[in-house]
Every structure is written in structure tokens, then in C-alpha cells.
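Participant: Have a look at this one before I ask anything.
Every number in this text was worked out from the coordinates using simple rules, so none of it is lab data. This structure is a prediction, so every number in the text was calculated from the model and none was measured. FYI the Cβ positions are ideal-geometry reconstructions off the backbone, even for glycines, and counts take in every protein chain you see.
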Amino acid sequence: MTDSTILHGVVAEYVTPDALVAACKQARKAGYRRMDAYSPFPLEEAADAIGFEKTQVPLLTLIGGILGGLTGYGLQYWVNLSAYPLNIGGRPLHSWPSFIIITFEMTILFAGITAVVGMLTLNGLPQPYHPIFNHPRFTAASRDRFFLCIEATDDHFDRAETRRFLEATDAVDVAEVAD
Amino acid sequence: MERLLPGQAPVLTPGHTLETITDKIVSIVLRRPVTLGWVGGFVFFFGLMNVLLFAMAYLFFRGVGIWGINVPVGWGFAIVNFVWWVGIGHAGTLISAILLLLKQGWRNSINRFAEAMTLFAVACAGVFPLIHTGRPWLAYWLFPYPNTMGVWPQFRSPLLWDVFAVSTYATISALFWFVGLIPDLATFRDTAQNPVAKKIYGLLALGWRGSARHWKRYESAYLLLAGLATPLVLSVHTVVSFDFAISIVPGWHTTVFPPYFVAGAIYSGFAMVLVLAIPIRKFYGVQDMMTMRHLDNAAKVMLGTGLIVAYGYSMEAFYAYYSGNIYEFFVLKNRMLGPLAWSYWCLILFNVLIPQLLWIRKVRQNTLALFCTSLVVLLGMWLERFVIVVTSLHRDFLPSSWGMYTATRWDYAIYVGTLGLFFCAMFLFVRLMPMITIFEMRMLLPQSRVTSSEAAHD
């Protein structure tokens, strides 16, 4: 890699989750903010260590669920009272107990779809290209290795300095990744 | 392995590492050659699936008159099979959602194929409401949409509740399954050698890279889906039971139906899980990941839900007598002593008596015995729906309107055909997708936990 290449960041590779989480904490303490940890399974400690503690997914799901419930009930209310009133066995047109089930199902349906679509959208997926895949050994991130990437857009980022910093952690390998 | 006692059998046999787990599951799909046994099984079930297609084509050509249904018994095999298949699907959701919320680590290796089982079972179930309408090309009339006829569905009908419950269930199950697959598809993308396979798995993985931020949102969404699927799965079979319980037909109009339908669904679903898991773990050599502990736990769930079902039968019989309603009591007598008494007593034998063998540890530790018991339970649960549907309808209030029901060869052809569709899909699934959730298996490893004080929460 030449010096003129635009960098995505400097990437350190770790063998254990412990080493990754410890490095994340050190990096945060050293003032780095624009970084990401990569692991082959969910590692909540890593997310906490890089300072990502709250997700918007539960809130979105709640909103989706409420909208779904309102849609389900509203649809039945409108159909039965206005669009197509049907007298079934003399029951009131607004016979709310029989509307509950479809209201419930629509709540679940909307909430579930919102949770999935919301999660994917917030994650920026589907994303066909990402510079981290330029790392020659990154396929191991979906297998048995852990990576920490300090991104070039970070205010504290300095090519040589950041590299030295990561080499001082428990990393087995430190590499620069092109953007 | 097989010699370990319950309590000692681990969920994952010791000695695995992150690499071996990944390699083992990935190699089943990406490296293992296609065996003659797989081809033979696939061709057989593919043939059965074509029986379904042929029978459906003839059905659309001639109409539902080719079935055994008649005037008192307007609901025959179609609804029996529908309820049976939906019920089988429920175990998949139970394993993936409810056991996740209850933090049962043993679910991790069986949830993926159990979810696939759910999807395929719901697909098989979905065939029946569609084709039983007589004019399936107008089935979209069931959905509320603005139309030139100016009519809307009848929202007070349990049949419409069913449309919403089952379509929501199918959608949420598919989402749950796919979301669970994304990280494993990324592993496949990164491991596959074949460029075409790499491209396809890569597309399906949506560019997943295992970022800590992504994982956090992912875990959050997955947990929420589990929380949503839990009441959903209970509601689906409750709504299915409302198809019966909301009516006033003797033998159907009873409040015990929702809980006992849900228990029965889980009962048959776990039986199907065992019927699939026992051969899969043997043929694919994954006994170290689907251990005897899994089989033992599944057998215990079967035993427990089977007892709830048995309680349902006894309450049904007791209230038929205790209510003092002569029509209810007649339905009971007719079930036990009438022309279809064989179906009732086979049901009691298959669903209540034979499964009591599962109390014995030796039976639970013997895969063949467990497999056979599960088959018996599947048959028993099918008979349960047959007894509920047919014996209640064929002799109701007025003796002048009594009748008899005999299934025709087309009824059987369609039922057997859906079995073909189901197993055909399962055969494709085990060869194309990771049948065990790789990333969740990694989490079972002791070395996956963050331990050192330096890394722990401060």
C-alpha cells in the first residue's frame, strides 16, 4: 500500500474476545471515537466498550406495533360502521370484542416487520460494498477472529500513531485498510 | 454419547472450538458430496409432491366434489390437515422464541431446522384453506381490499381471524428465520469456494460484516421478534380452535378448546422435531451438537404437553356429561360407541396411552423408541382433528340430517402430497442452508465469554 492511498482505517486482529474488548476500552480511553469492532458472534461488551450503548430498534418496534394495532382496529371500525355495515345476529355494528383478535395480529405483524426493517435500515444493510472487506484476512471475522478498526475519519487518527497504539494492544496483526 | 445419563449429557460435546464448530456446520453444505441416500430420499418425496400437484390440478378441474365431503360433513380432510400442519409448525416457534426468552441454551442447535420446519409446515397448511374454497383463484377475496363489488370481509367471523392469524404467523416466522440466517450466510459467503455459491450466499447475507453496532441492533431486533412471536404462536392455535369453539355445533362449542389446541400443537410439533432430528443427527454426524440432552428435553416437552392434551380429552368428556346438555352428551356417546368409534379409541391409544412410555428414561434414551413414539403421536394428533371435525358434524341435532363421511382417494392423495412437499423442502434445506445456527453455537463455547477483569464491565 502506497502512502497516497486513501485509508479506511487501521485494523488490528485479535484471537480472543477478551483481547478485543480490552483493546476497545483502551482505544476509547485514548480518545478514539470513530471505530468499530468485528466479531463472529454478538459481543455486547464490545459494543459497550466502543461507546455504542443504546439502539433505536425497540422504540421503532413499539411505534410499529402501535400503528399496527390502530390500523387493525381502525380498519374494522371503518368497514363495519361506514363502508359495509352488516347486521350479524343483531349484534351491534361496533362489536369490539370480535375486533380484538385482528387488532392483536396486526399489532404483531407491524411490530415484527418494523423490528426487522428498522434493524436492517439502521445497520445500513443491505450494503454490497464496505472497505473493511479489503482487509486480506477479514473472512475470519465470520469464523474465529476478532477485529478492531480505528477509522481514518477519527479526529485523533494519525496513521503512524494509531498503528503504534494498536500494536501495543494484544493484537496478533495490525494492517492498514484502503477505502 | 448415547450412554450418558440426563443431567450429564452436555448441550455441546466438549472439545469444540470456534473453528471446529464453523467448519463442521459449513462443510455439511459446502464440502460434503451429495450422497445416494439424499438423492433417493429427495426423489421419493419429490414424487409425492407431484402427487399433490396432480391431485390439485384434478381438483381445480372437477371441484371439491371429488372429496368425501357431503352435507352434514362439510369440513373433511382439508380442515383436519390444515390444523395438523399448523400445529406442527408451532414447535419451531416455541423452540426459537419461547425457549430463547427462557434462556434455554439447548435450543441453539435445534432452533434453525425447527424454524425451517415451521415455515414448511405452515406452507403445507396454507394449501388447504386455499384449495378448499372451491374457487381458489378467488381466494384473495378473503383479504380486505377496496373492490368494485363494494363488499368487505366479515370481521366477526373466526374464519377471517384465521386468515389474519395464519398469514401473520407465516410472515413473522419467515422474518425470524431469515434474520437468524443472516450472520450464518455471511460465514457461508466467506467460506464458499464455488464462485456462484459465494455470490448467492453473499447476496443473501446482505453485506453482513459482524460489526459490534450491527450485532447490538441485531440482538435487540431478534429478542423483540422472539417476544412478539411468543404471544403470536399462542394466539394462532387459539384462533384455529375458535373456528370450532365459536360455533354452536355440539362437540365444538367448548371453552377448553384454546388451551388444549395450543398444547396439542406443541405436542405434535415436538413429535415432528424428533422425527426430523433423529435421522438428521445420525446421517449428518452432528450427534455432538444435537445431543441426547436435546432429544431427552424434547421428549419431556412431549410428555408434558401430552398430559395437557389428555386432560383436555377428559374435561371434554366430563363436561359433556356434567353440562346435562343432551346433544353434547350424545356426541360423546357417538364418539365412543358410534360408527367412527375406532378413530376415538385409536386417538386415546396413540395420544394418551402409548406416550406414557416417555416416563421411562430408557425409552427417552433410545432413539428408535423415541422416533416410533413420535410417529405414533403425529398419527394420534391427526386423528384428534379427524375426531373433532368428523364425529361432531356427522350426527348433530336432528337425526334426519345425519350422515356418514368416507374420505376418497383424492383426500388421501392431497394429504400424502403435502407430506411430500414438506419433506422435499426439508431435504433441500439441509443441503442449502446451515441447519444449525453457527453463531449461536459459538456462543455456547466457554472461550466466547468475556472473562478477564481488564475487559469486564467497569
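Participant: Assess whether B:Tyr313 counts as being surrounded by fewer than 22 Cβ atoms within 10 Å (Cβ to Cβ), among the aromatic types (Phe, Trp, Tyr) and closer than 22 Å to B:His394 by Cβ.
Facilitator: Taking the combined requirement at face value, the residue satisfies it.
Participant: Out of the helices (runs of 4 or more DSSP H) lying entirely within the stretch A:30-147, which hold 2 or more residues that are more than 8 Å from chain B (Cβ to nearest Cβ)?
Facilitator: A:57-78, A:100-122
Participant: Could you list all residues from the stretch B:119-145 that are outside any helix (DSSP H, G or I) and within 14 Å of another protein chain (Cβ to nearest Cβ)?
Facilitator: Listed by number, the residues that qualify are B:Phe143, B:Pro144, B:Tyr145.
Participant: Regarding A:Gly89, is this residue over 14 Å from the mean Cα position of the chain (by Cα), without any contact (Cβ under 8 Å) to a residue 60 or more places away in the chain and at positive phi?
Facilitator: yes
Participant: Another question, then. Among the listed residues B:Ser343, B:Ser374, B:Ser400, B:Ser392, identify the single one that is out of contact with any helix residue (DSSP H, G or I) (no Cβ under 9 Å at 6 or more places or on another chain), of a type outside the set (D, E, K, R) and part of a helix (DSSP H, G or I).
Facilitator: The match here is B:Ser400.
Participant: Would you mind telling me which numbered condition in (1) touching a residue at least 24 places away in the same chain (Cβ under 8 Å); (2) of a type outside the set (Ser, Thr, Tyr); (3) farther than 30 Å from B:Val151 by Cα A:Gly72 fails?
Facilitator: (3)
Participant: Restricting the search to the stretch B:231-256, which residues are farther than 24 Å from A:Leu122 by Cβ, assigned to a helix (DSSP H, G or I) and not aromatic (Phe, Trp, Tyr)?
Facilitator: B:Pro231, B:Val233, B:Leu234, B:Ser235, B:Val236, B:His237, B:Thr238, B:Val239, B:Val240, B:Ser241, B:Asp243, B:Ala245
Participant: Can you pull out the residues in the stretch B:146-193 that are touching a Gly at 6+ places or on another chain (Cβ under 8 Å), more than 7 Å from chain A (Cβ to nearest Cβ) and of a type in the set (Ser, Thr, Tyr)?
Facilitator: Across the stretch B:146-193, the qualifying residues are B:Tyr169, B:Ser173.
Participant: Looking at B:Thr118, B:Thr35 in this structure, which one is under 22 Å from B:Ala165 (Cα atoms), in contact with a helix residue (DSSP H, G or I) (Cβ under 9 Å, 6 or more places away or on another chain) and hydroxyl-bearing (Ser, Thr, Tyr)?
Facilitator: Of the residues listed, the single one that is under 22 Å from B:Ala165 (Cα atoms), in contact with a helix residue (DSSP H, G or I) (Cβ under 9 Å, 6 or more places away or on another chain) and hydroxyl-bearing (Ser, Thr, Tyr) is B:Thr118.
Participant: Next up: Every residue in the stretch B:216-248 that is free of Cβ contacts under 8 Å to residues at least 24 places away in the same chain and among the charged types (D, E, K, R), please.
Facilitator: Of everything in the stretch B:216-248, those that are free of Cβ contacts under 8 Å to residues at least 24 places away in the same chain and among the charged types (D, E, K, R) turn out to be B:Lys216, B:Arg217, B:Glu219.
Participant: Given the residues B:Val273, B:Val286, which is the only one that is in contact (Cβ under 8 Å) with a residue 12 or more places away in the chain, over 30 Å from A:Cys149 (Cα atoms), among the β-branched types (Val, Ile, Thr) and not in a helix (DSSP H, G or I)?
Facilitator: B:Val286
Participant: Is it the case that the stretch B:326-341 has a residue that's closer than 26 Å to B:Ala121 by Cα and surrounded by fewer than 22 Cβ atoms within 10 Å (Cβ to Cβ)?
Facilitator: No; the residues of the stretch B:326-341 include none that is closer than 26 Å to B:Ala121 by Cα and surrounded by fewer than 22 Cβ atoms within 10 Å (Cβ to Cβ).
Participant: Out of (1) farther than 27 Å from B:Leu185 by Cα; (2) in contact with a helix residue (DSSP H, G or I) (Cβ under 7 Å, 6 or more places away or on another chain); (3) hydroxyl-bearing (Ser, Thr, Tyr), what's the single condition that is false for A:Tyr32?
Facilitator: For A:Tyr32, the failing item is (2).
Participant: Going by the conditions given, is B:Leu175 without any contact (Cβ under 8 Å) to a residue 60 or more places away in the chain, crowded, with 19+ Cβ neighbours inside 10 Å and closer than 30 Å to A:Phe138 by Cα?
Facilitator: yes
Participant: So is B:Val196 farther than 25 Å from B:Val73 by Cβ, crowded, with 23+ Cβ neighbours inside 10 Å and more than 8 Å from every other protein chain (Cβ to nearest Cβ) or not?
Facilitator: When the stated conditions are applied, B:Val196 does not pass them.
Participant: When the residues of the stretch B:18-46 are narrowed to those that are surrounded by 13 or more Cβ atoms within 10 Å (Cβ to Cβ) and polar (S, T, N, Q), which ends up nearest to B:Phe423 (Cα to Cα)?
Facilitator: Checked the stretch B:18-46; the qualifying residue nearest to B:Phe423 (Cα to Cα) is B:Thr22.
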